[in-house]
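Trainee: Sharing a structure here in structure tokens format.
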Amino acid sequence: MAERSTAAVDVADTSGEEPLTAQAGEATNDGAEAESVTGTDKDTARTGDQPAAVADTKPPELHSGHKLARRYRLEECVTRLDGFSSWRAVDEKLRRAVGVHILPADHPRARPVLSAARSAALLGDPRFVQVLDAVEENDLVYVVHEWLPDATELTAVLANGPLEPHDAYQLVSQVSQAMTAAHREGLSHLRLNPSSVLRTESGQYRIRGLAVMAALRGIVSEHPQRTDTEAIGALLYAALTQRWPYESDAYGLSGLPKDVGMIPPDQVRAGVHRGLSELAMRALVNDGATASRQEPACTTPEELAKAVTAIPRIRPPETSFTSPPPYQRTAFQQGSYGQPPSRNGGATARTAAVPAPPPPLQSRTGRALKWCVSGLLIAALGLGSWQLADTLLQGEGQDNQESAQPEEGQQKKPAPKPIKIDDVTEFSPRSSSPVGGRQSPASNAVDGDPGTAWVTGLFKGWANFGNLPPRADGSGLVVDLGSVKDVTEVQTSMYRAGQTAEVLAADPAASNPTTLSAFPQRLSKLEKAGSSLSVKLDKPIKTRYVLIHITELPSDTEEDGYRGGISEIKVNGN
């Protein structure tokens, strides 16, 4: 009977797998596989993938359009190696892209791959590319995983240059924390490299192939935590220097010069953050590296994650505005105006002859005529300008007199006045506790003191309040005006810039609203706010309750998480 285990996850997926064919240097100097290959020494493991011997097992004859379980339609083969193949496919039932690893059921690694996939699926950590299905049927074993079309391999990111210190900090922080959680559940990766780390458009890092890629390649390790820690150190080294921290080239990166040893990143490239440089060496110290200071080596992802939090805060780079493009001369200024297009494959086109202008008047009569014409033109221009200015001044005086006398029956709009806030409560549709404390009371946002604020708790991993289902509707503050008022203006001072927020209002008949659907009146669009979020309405709206709704928080690099809040709220109206 066919074995089947499914782990359903509703997320989008990864960009690509590994190359279609094993390229030279594809896993060269892969520090993640040091001492991890049965029957080979450390140097052999670093100069190429040398997994345990595999019987001559041919991959199953599959093609684009083939369907697995009448559901997964294969689209494109991205890897064919060691008797297994990896594909980009389509889940026709849920209409989404997925990735699929396929190998024969009698392959010597089929059972370990099934076991690794099912264990990884049980982890359910969103920082890893999720395993969606692990199946044995029709003499095939296949593993289905997410496919993230909006993500980019770290290999491609580093091809454009080293990362900024803040980005490198986020990389080592997120990856080390994710691997700490995996090792607590008894799972290791053993093939962490720039091809197995993806960066999404939001700046989050996702790890693919947890346990599964090592099982597919037949890789094992006596010290899995140390292996993964050294691999994270190699990722950080590459992010800081755009160099692979071993002698051979790998993952599109140049290796270090031969016979110089593993030198610190700040000696490879100028301007490297000193703390991150030392951190990379502490993670690689087991692999022969020497830290510049006498700091203990990091031998587990958990020790590395703690060392990351001990680094002083690294601020994100200031937003740079794109400078305007350099001045481009027009075709006329470049002298090509009127030239016919070239038809001889790039040969210079002949320039059409331009008739010469008529010669200037040289006689006395001609000179006298020029002076007369010039004088008449100057006089005409002066007279016309004077008449135009006089007309404009007279018209402006009349307009001022008319505007000073309002029409009969016309009434001035009363100036908006501050509305007293009767109460304020935290908007939290379902209770959920953040990871970090230091949460301030909501009353701090309406006490008239900008130095105090309502501050959210600290959320780990995700900006949308930790990606926790109870926080699906975000958070914020609900202001109670005591009774229904005509509201024309809401002024909000944010505790920290970068929060995604909007201003909503409840229906006039609403009483103590607690859900997002109870605030149907939108006063501002949902957008990332700066230090303040102000709304000024053309027409007043009637309401008693106003919601400052926050959906995403900015990062708090001091505590490695996400935190936001509101400093002060003022409501004006009639």
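Trainee: Going by what's in this entry, would Ala181 be described as among the small types (Gly, Ala, Ser) and closer than 30 Å to Arg71 by Cβ? Talk me through it step by step, then tell me what you get.
Mentor: Numbers: among the small types (Gly, Ala, Ser): yes; closer than 30 Å to Arg71 by Cβ: no.
Spelling it out, it is not the case that Ala181 is among the small types (Gly, Ala, Ser) and closer than 30 Å to Arg71 by Cβ.
Trainee: Would you confirm, using the coordinates I've provided, whether Ala305 is surrounded by fewer than 14 Cβ atoms within 10 Å (Cβ to Cβ), within 31 Å of the chain's Cα centre (by Cα), under 22 Å from Gly233 (Cβ atoms) and modelled with pLDDT of 55 or more?
Mentor: No, not satisfied.
Trainee: Related question: Could you list all residues from the stretch 476-499 that are surrounded by 20 or more Cβ atoms within 10 Å (Cβ to Cβ) and aliphatic (A, V, I, L, M)?
Mentor: Leu477, Val478, Val479, Val487, Val490, Met494 - these are the residues of the stretch 476-499 that are surrounded by 20 or more Cβ atoms within 10 Å (Cβ to Cβ) and aliphatic (A, V, I, L, M).
Trainee: So if I check each of Asp106, Asp139, Asp125, Asp133, which one is under 24 Å from Gly461 (Cα atoms), among the acidic types (Asp, Glu) and out of contact with any Phe, Trp or Tyr (no Cβ under 7 Å at 6 or more places or on another chain)?
Mentor: Numbers: Asp106 fails: under 24 Å from Gly461 (Cα atoms); Asp139 fails: under 24 Å from Gly461 (Cα atoms); Asp133 fails: under 24 Å from Gly461 (Cα atoms).
Just one listed residue meets the conditions, Asp125.
Trainee: What residue, among those in the stretch 500-525 that are in contact with a His (Cβ under 8 Å, 6 or more places away or on another chain) and not in a strand (DSSP E or B), is most open to solvent (accessible area, probe 1.4 Å)? Explain how you work it out, then say what you get.
Mentor: Quick first cut of the stretch 500-525, residues in contact with a His (Cβ under 8 Å, 6 or more places away or on another chain) only: 501-504, 516, 519.
Narrowing the set further to residues that are not in a strand (DSSP E or B) leaves 516, 519.
Values: Leu516: 53, Phe519: 9 Å².
Going through the qualifying residues, I end up with Leu516.
Trainee: Among the listed residues Pro224, Pro257, Pro245, Pro264, which satisfies the condition of being of a type outside the set (Lys, Arg) and in contact with a Phe, Trp or Tyr (Cβ under 8 Å, 6 or more places away or on another chain)?
Mentor: The conditions single out Pro245.
Trainee: Turning to a different aspect of this structure: Based on this model, can you work out whether Leu123 counts as surrounded by 19 or more Cβ atoms within 10 Å (Cβ to Cβ), at pLDDT below 95, of a type in the set (A, V, I, L, M, F, W, C) and under 27 Å from Glu185 (Cα atoms)? Explain how you work it out, then say what you get.
Mentor: Working: surrounded by 19 or more Cβ atoms within 10 Å (Cβ to Cβ): yes; at pLDDT below 95: yes; of a type in the set (A, V, I, L, M, F, W, C): yes; under 27 Å from Glu185 (Cα atoms): yes.
Against the criterion (surrounded by 19 or more Cβ atoms within 10 Å (Cβ to Cβ), at pLDDT below 95, of a type in the set (A, V, I, L, M, F, W, C) and under 27 Å from Glu185 (Cα atoms)), Leu123 qualifies.
Trainee: Looking only at the stretch 254-289, how many residues end up being modelled with pLDDT of 90 or more and touching a helix residue (DSSP H, G or I) at 6+ places or on another chain (Cβ under 7 Å)?
Mentor: Residues meeting the conditions: 15.
Trainee: With respect to Asp473, determine if the residue is touching a residue at least 40 places away in the same chain (Cβ under 8 Å), open to solvent by less than 50 Å² (accessible area, probe 1.4 Å) and charged (D, E, K, R). Reasoning before the result, please.
Mentor: On the way: touching a residue at least 40 places away in the same chain (Cβ under 8 Å): yes; open to solvent by less than 50 Å² (accessible area, probe 1.4 Å): no; charged (D, E, K, R): yes.
In short, no.
To keep it simple, each residue is scored yes or no on (1) touching a residue at least 24 places away in the same chain (Cβ under 8 Å); (2) in a loop (DSSP other than H, G, I, E, B).
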position: Arg226; (1), (2): yes, no
position: Ile232; (1), (2): yes, no
position: Leu236; (1), (2): yes, no
position: Ala239; (1), (2): yes, no
position: Pro245; (1), (2): yes, yes
position: Lys258; (1), (2): no, yes
position: Ile263; (1), (2): no, yes
position: Gly271; (1), (2): no, yes
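Trainee: For a quick check of your reading: which helices (runs of 4 or more DSSP H) sit entirely within the stretch 151-224 and have at least 2 residues that are among the hydrophobic types (A, V, I, L, M, F, W, C) and open to solvent by 30 Å² or more (accessible area, probe 1.4 Å)?
Mentor: Details: elements: 154-159, 165-184, 212-217.
Here the list reads 154-159.
The values are calculated or read from the model by the stated rules, or taken from the named source; none is laboratory data. A quick note: this is a predicted structure, and the numbers were derived from the prediction, not measured. In this analysis, Cβ positions are derived from the backbone assuming ideal geometry, glycine residues included, and neighbour counts consider all displayed protein chains. Calculation scope for accessible area: heavy atoms of the full protein, side chains included, ligands and nucleic acids excluded. Shrake-Rupley method; radii C 1.70, N 1.55, O 1.52, S 1.80 Å.
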